[in-house]
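The values are calculated or read from the model by the stated rules, or taken from the named source; none is laboratory data. Everything numeric here is computed off the predicted structure, so don't read it as measured data. Note that we place each Cβ from the backbone using ideal geometry, even for glycine, and neighbour counts take in every protein chain shown. Accessible surface is based on the protein model in full, side chains and every heavy atom, while ligands, DNA and RNA are left aside. Shrake-Rupley method; radii C 1.70, N 1.55, O 1.52, S 1.80 Å.
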Amino acid sequence: MIELVSHFASKERSRNLEPLRQKQWFIKAKQEAKQRTDVEDRLEGDVLAFAAETITATQIQIEAFEARLDSYGSQLDKNEAQLLAYDTAIVEALMENRRRLDQIGDELNEVDAELESLLEQAHVHEDGRRLFKSRDGLSVIDETGENVSLDEIDVDSVFSPASELYTDGLARRRDLQGQQLLAEQERSELLDAQEDIAVELEGISESRENLGQARERAASGDMTVKEMEEFDAELEDAMSLPMPKIPASAMKHITGIESAIDTPNATTAFTSNADPAAALQSPNHNPAFQPG
């Protein structure tokens, strides 16, 4: 009796396990099918890659490639012209900036001389402070511009130029120092932009060399599809690089060339065949020139 019960229990477990075995078989079969597909895809990819590396481009492919090279070359010409125009504008902005810095420096020297003269005429307090009395005789300041307590001094004993002259000079000096700081920051931005342009121009030179090599390979008659794809990828990457941003102090020098440059946006490409470099560039122009 016990053996009979055990027999039926075993059969029941087998029936319960059958769906699980079927599911496991299905999963395994699906995995093996995917593995076969992956292997086939890799083999197909390897075959295509090998074909691209060894198969010579057809004449139609070469002609289409040469047309793209012409397009690349045209874009390089436009980018170079724009960069040269920007560089010339930056040189002009740098010269203008130098003139402004020199003027600010001269004015600062004048103000300092005036303040020094006023200090020499100031009342010298017993503690060494230089004092200035206001025109109305109601207040006194020291050389730092701070008010002095009337409890510390006898106002009637202070004989000096009017404190208003001295405070006006201090305010003028602070204003000039602020202008000087802004001008120095502007100069730093201009020099950074000029360096960016130099890097971009070097990149264009390298792209031209790459373009020349591509033309030579296209004319050789044995250029492979793989080579063509590699040249395309490199040149397309070079074309997609954004133009450097130009400070407003330089952009204002090229706003008159409306036919060549979209002046509100320093990163846009040329929209016409006009050559802004010819309009701005002198025969002896040197992109690396940094005035002053």
Selection over region 157-177 where residues are under 30 Å from residue 251 (Cβ atoms) and either among the aromatic types (Phe, Trp, Tyr) or open to solvent by 30 Å² or more (accessible area, probe 1.4 Å) (or both) yields a count of 3
The condition from (1) more than 30 Å from residue 134 (Cα to Cα); (2) among the charged types (D, E, K, R); (3) touching a helix residue (DSSP H, G or I) at 6+ places or on another chain (Cβ under 7 Å); (4) open to solvent by 60 Å² or more (accessible area, probe 1.4 Å) that residue 187 misses is numbered (4)
How many residues of region 140-173 are assigned to a loop (DSSP other than H, G, I, E, B), out of contact with any strand residue (DSSP E or B) (no Cβ under 6 Å at 6 or more places or on another chain) and of a type in the set (Ser, Thr, Tyr)? The answer is 2
Out of (1) over 22 Å from the mean Cα position of the chain (by Cα); (2) among the acidic types (Asp, Glu); (3) surrounded by fewer than 16 Cβ atoms within 10 Å (Cβ to Cβ); (4) at pLDDT below 90, the one residue 230 does not meet is (4)
- Query: Residue check: is residue 225 more than 30 Å from residue 71 (Cα to Cα) and touching a residue at least 12 places away in the same chain (Cβ under 8 Å)?
  - Reply: no
Within region 240-254, the residues that are open to solvent by 40 Å² or more (accessible area, probe 1.4 Å), over 17 Å from residue 92 (Cβ atoms) and in contact (Cβ under 8 Å) with a residue 40 or more places away in the chain are 241, 245
